[in-house]
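What follows is a single structure, written as structure tokens, with notes after it.
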There are 2 protein chains.
Amino acid sequence: MKIIFTFQPREEFVSDLKNSFPEAEFHFYKKVKEAEHELANAEVIVTMGEDLTDDHIERSEKCKWIMVTSAGLEKMPLDAIKRRGILVTNARGIHKIPMAEFSIGLMLQHAKQLQSVWEQEKQAVWSRRLPTSELYEASLLILGAGAIGGEIARLAKAFRMNVSGVNSTGSDADHFDKMFTLDTLREQLPEADYIISVLPSTARTKAILKVDHFEEMKDTAVFINIGRGDLVEESVLLEVAEKKAIGHMYLDVFDQEPLPEGHPFWTKEGITVTPHLSSITKKYMPRALEIFKKNLSTYSNNRENYINVIDAERGY
Amino acid sequence: MKIIFTFQPREEFVSDLKNSFPEAEFHFYKKVKEAEHELANAEVIVTMGEDLTDDHIERSEKCKWIMVTSAGLEKMPLDAIKRRGILVTNARGIHKIPMAEFSIGLMLQHAKQLQSVWEQEKQAVWSRRLPTSELYEASLLILGAGAIGGEIARLAKAFRMNVSGVNSTGSDADHFDKMFTLDTLREQLPEADYIISVLPSTARTKAILKVDHFEEMKDTAVFINIGRGDLVEESVLLEVAEKKAIGHMYLDVFDQEPLPEGHPFWTKEGITVTPHLSSITKKYMPRALEIFKKNLSTYSNNRENYINVIDAERGY
């Protein structure tokens, strides 16, 4: 059984896989381009989910299973996969802990003005005159109240924040004080001190936040996007920054990633860019490969009850 | 009734006080030096707790009550106050929320490597190769398991950290998985990823952490001191940094504050200086003055059941 990785895991993971599945033949490549000559023989392909094309699927004549070590599937050639009837599994479920910690971390460093504190420290300046605040009793609005949004909400409630959410039905969920839908979220915007989006990219969520949404927010409001970049058009974000309509924007996701050199976001006052970091920690790859290993056992044995099977028709 | 402030609150607080107590005669000074000519007539003195001397107490012949708008009383001339039988109240209890948020904020920005992220952002560098980690399942040791330490522990448990504490008896407390005393804390040092001290300055806590304590910690351990600077001698901290015995030290409190210009802590690799910020937020003064106002009502009426009365003999 030939298993092709289109990325190179660290040595400890490579040897763990080889030891755990001595009967499998693992091939690791740094990128899909280097793996192309082997795809025709691959029974299993392991990908981060952003590199496979229709052409790759066509070439992979023997492929029966594709493991995607991320959660977003919008760049996967699902039509071609569906035509071939290839099993797809992903790594959903491993993002909520790191993404919730990243969200709370961004809010706290904003409230405590840590960017200014570190600047002061570099200049050896002792000054306590910073507009520091608290998460305590501040209002948080989470766009996307699924597993990740729910974990952010759980932690936010521990800080005694007022937590509202947006989901598709507006129905209650654990850890949320109030719930809205995309159609009714407008009424909550003037209340929110922090707005965090973890929404995926779907036809329903594309470019839904307009300049007037931001104009309804507090002028001190903080907008954090760790979902997908196409939630707001870039021109909207730049106009909001230009108008200083809200306090600050932390953007972790973009239409084009990596964000190109010279992109105005890099230098725009009121916008802080982070390099799609929210789910990245040392624990990401071990958790993703743990799912892969469980599914590989299943694949090698009864082929029943895989974890995180994707319906290629629905796309999730 | 003459009430002397040895600091100048913002205008909103001044007018609130004057409106709430129209019968009182408030005098606000930027520092105690400017207030000295009025001390002889003061019935009540409101101080941040770091400026009064024995001489001031002697001059304040009519003084019946001193309100300290902080919690630390080690700089108060308590012997002179005791001799005169002056009532002392402080603002204890208002520190736990901001200090716990500050602690979690420092740990999260360390785990997420946010100082490096901001440096990258200034250079418009998109790089995800940062040694980011999680608080999830990391071990935290809190020196000082009182109200503030307990609030840090409560939040840390929400992040699913393993939380140990040090208190005077070693007996269990809410939100702590294990408890130690200053005598037994050594056994927990090799386990801790984060060590936070909120210990006050007492004869029992002075200079108790030595170089060999730090050498027993993990080489990635993070030490955060938001208690009092004299917990560790400066020479010890510098030697620990020089030896790179642990991962990083965040110091918010010092023997001498402000930390003098040119002090080696400012530039030492492995040490980050913050200007005694942990309890400072926009909500500090309103909360402190809320206690003052309640006690001023009590003082003006039945003089029974003051909040936060200090025993000048014991010093707390």
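The table that follows gives values for the structure above.
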read-out: Filter pass, B:Ser139 being without any contact (Cβ under 8 Å) to a residue 40 or more places away in the chain and not aliphatic (A, V, I, L, M); value: no
read-out: Qualifying positions in the range A:112-128 - assigned to a helix (DSSP H, G or I) and facing chain B (nearest Cβ under 7 Å); value: A:Leu114, A:Gln115, A:Val117, A:Trp118, A:Glu121
read-out: Tally, over the range B:1-47, of residues that are more than 27 Å from the chain's Cα centre (by Cα) and of a type in the set (Lys, Arg); value: 2
read-out: Test set (1) under 26 Å from A:Gln109 (Cα atoms); (2) modelled with pLDDT of 95 or more; (3) among the aliphatic types (A, V, I, L, M); (4) part of a loop (DSSP other than H, G, I, E, B) - A:Leu238 fails condition number; value: (4)
read-out: Where A:Ser201 falls short, out of the listed (1) more than 14 Å from chain B (Cβ to nearest Cβ); (2) closer than 23 Å to A:Leu108 by Cα; value: (2)
read-out: Conditions (1) under 30 Å from B:Gln113 (Cα atoms); (2) part of a loop (DSSP other than H, G, I, E, B); (3) among the basic types (Lys, Arg); (4) more than 14 Å from chain B (Cβ to nearest Cβ); number of the one not met by A:Lys282; value: (4)
read-out: Test: residue in the range A:76-98 that is surrounded by 19 or more Cβ atoms within 10 Å (Cβ to Cβ), within 22 Å of A:Asp193 (Cβ to Cβ) and within 11 Å of another protein chain (Cβ to nearest Cβ); value: no
read-out: Residue under evaluation A:Ser103, criteria (1) within 14 Å of chain B (Cβ to nearest Cβ); (2) of a type in the set (Ser, Thr, Tyr); (3) free of Cβ contacts under 8 Å to residues at least 60 places away in the same chain, criterion not met; value: (3)
read-out: Contacts under 8 angstrom Cβ, first residue in the range A:75-100 being under 22 Å from A:His276 (Cα atoms), partner modelled with pLDDT under 95 and of a type in the set (Phe, Trp, Tyr), 6 or more apart; value: A:Ile94/A:Tyr284; A:Pro98/A:Tyr284
read-out: Sole exception among (1) more than 9 Å from chain A (Cβ to nearest Cβ); (2) modelled with pLDDT of 95 or more; (3) buried (at least 20 other Cβ atoms within 10 Å of the Cβ); (4) under 24 Å from the mean Cα position of the chain (by Cα) for B:His56, by number; value: (4)
read-out: In the range A:249-265, the residues that are under 24 Å from A:Ser116 (Cβ atoms) and surrounded by 18 or more Cβ atoms within 10 Å (Cβ to Cβ); value: A:Met249, A:Tyr250, A:Leu251, A:Asp252, A:Leu259, A:Phe265
read-out: Subset of the range B:129-159 (residues that are farther than 17 Å from A:Lys283 by Cα and either within 13 Å of chain A (Cβ to nearest Cβ) or part of a strand (DSSP E or B) (or both)); value: B:Leu140, B:Leu141, B:Ile142, B:Leu143, B:Glu151, B:Ile152, B:Ala153, B:Arg154, B:Leu155, B:Ala156, B:Lys157, B:Ala158
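Rundown of residues vs (1) more than 14 Å from chain B (Cβ to nearest Cβ); (2) of a type in the set (Phe, Trp, Tyr); (3) surrounded by fewer than 20 Cβ atoms within 10 Å (Cβ to Cβ); (4) over 24 Å from A:Arg228 (Cβ atoms), yes/no style:
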site	(1), (2), (3), (4)
A:Val273	no, no, no, no
A:His276	no, no, yes, no
A:Pro286	no, no, yes, yes
A:Ile291	yes, no, no, no
A:Leu296	yes, no, no, yes
A:Asn305	yes, no, yes, yes
A:Val309	yes, no, yes, no
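Matching residues to (1) out of contact with any His (no Cβ under 9 Å at 6 or more places or on another chain); (2) within 29 Å of B:Lys206 (Cβ to Cβ); (3) in contact (Cβ under 8 Å) with a residue 24 or more places away in the chain; (4) in a loop (DSSP other than H, G, I, E, B):
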| position | (1), (2), (3), (4) |
| --- | --- |
| B:Met249 | yes, yes, yes, no |
| B:Pro258 | no, yes, no, yes |
| B:Phe265 | yes, yes, yes, no |
| B:Pro275 | yes, yes, no, yes |
| B:Pro286 | yes, no, yes, no |
| B:Lys293 | yes, no, yes, no |
| B:Leu296 | yes, no, yes, no |
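The values are calculated or read from the model by the stated rules, or taken from the named source; none is laboratory data. Quick caveat, the model's predicted, so the values are computed rather than measured. Because the Cβ atoms are built from the backbone with ideal geometry, glycine has one as well, and the counts that use them run over all protein chains shown.
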